[in-house]
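Quick notes on the structure that follows.
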Amino acid sequence: MRFPVVLHTNDGVRFGVTVPDLPGCFSTGDTFDAALDSVVEAIDLHVEGLTEEGSEVPVPRSIAEHRINPDFAEGVWAAVEVDVSRFEGRAAKINITLPRRLLTKIDNYAKAHGETRSGFLAEAARAAMR
């Protein structure tokens, strides 16, 4: 899952990072790159806490949607990829019907991008529900 994050700095060196889609989730770093690395860990821990409480993991909104928030006006935007699949529960096998030509296109696309059919369909569903 790709989460938009906003970085703030007072000195141009050290950064604070906020994850707008996960209220209360933030991190810091002594450099821009360190801040991005630490926010991935913060998101992972935050999502773990949400799922342990039985809460849903919010689907991240786009950076464009967040940029209108005046609290983030001076920030620098980035997006970080966090694998939240381990918090989504056990996989369930389903039976769906798709046109053969569409299924072939899905399989070719997934293979070309190093994904599985199931992984591609799951990611497409997440993107559609944003």
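The values are calculated or read from the model by the stated rules, or taken from the named source; none is laboratory data. Small disclaimer: the values here were computed from a predicted structure and weren't measured. Every residue, glycine among them, receives a Cβ derived from its backbone with ideal geometry; neighbour counts consider all protein chains shown.
Key figures
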{"read-out": "Count of region 9-24 residues which are within 19 Å of R61 (Cβ to Cβ) and not hydroxyl-bearing (S, T, Y)", "value": "7"}
{"read-out": "Failed condition for V40, given (1) of a type outside the set (G, A, S); (2) touching a residue at least 40 places away in the same chain (Cβ under 8 Å); (3) in contact with a Leu (Cβ under 6 Å, 6 or more places away or on another chain)", "value": "(3)"}
{"read-out": "Filter result (in contact with an Asp or Glu (Cβ under 9 Å, 6 or more places away or on another chain) and part of a strand (DSSP E or B)) within region 6-62", "value": "V6, H8, F15, T18, S27, G29"}
{"read-out": "Residue pairs meeting the criteria (Cβ under 8 Å; at least 6 apart or on separate chains; first of a type in the set (G, A, S), in region 106-124; second exposed (fewer than 15 other Cβ atoms within 10 Å of the Cβ))", "value": "A110/T116; A110/R117; A110/G119; S118/A91"}
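Residue by residue, here is whether (1) modelled with pLDDT of 95 or more; (2) in contact with a Cys (Cβ under 7 Å, 6 or more places away or on another chain); (3) of a type in the set (A, V, I, L, M); (4) surrounded by 11 or more Cβ atoms within 10 Å (Cβ to Cβ) holds:
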site: D11; (1), (2), (3), (4): no, no, no, no
site: V19; (1), (2), (3), (4): yes, yes, yes, yes
site: T28; (1), (2), (3), (4): yes, no, no, yes
site: G49; (1), (2), (3), (4): no, no, no, yes
site: R67; (1), (2), (3), (4): no, no, no, yes
site: E81; (1), (2), (3), (4): no, no, no, no
site: R86; (1), (2), (3), (4): no, no, no, no
site: G89; (1), (2), (3), (4): no, no, no, no
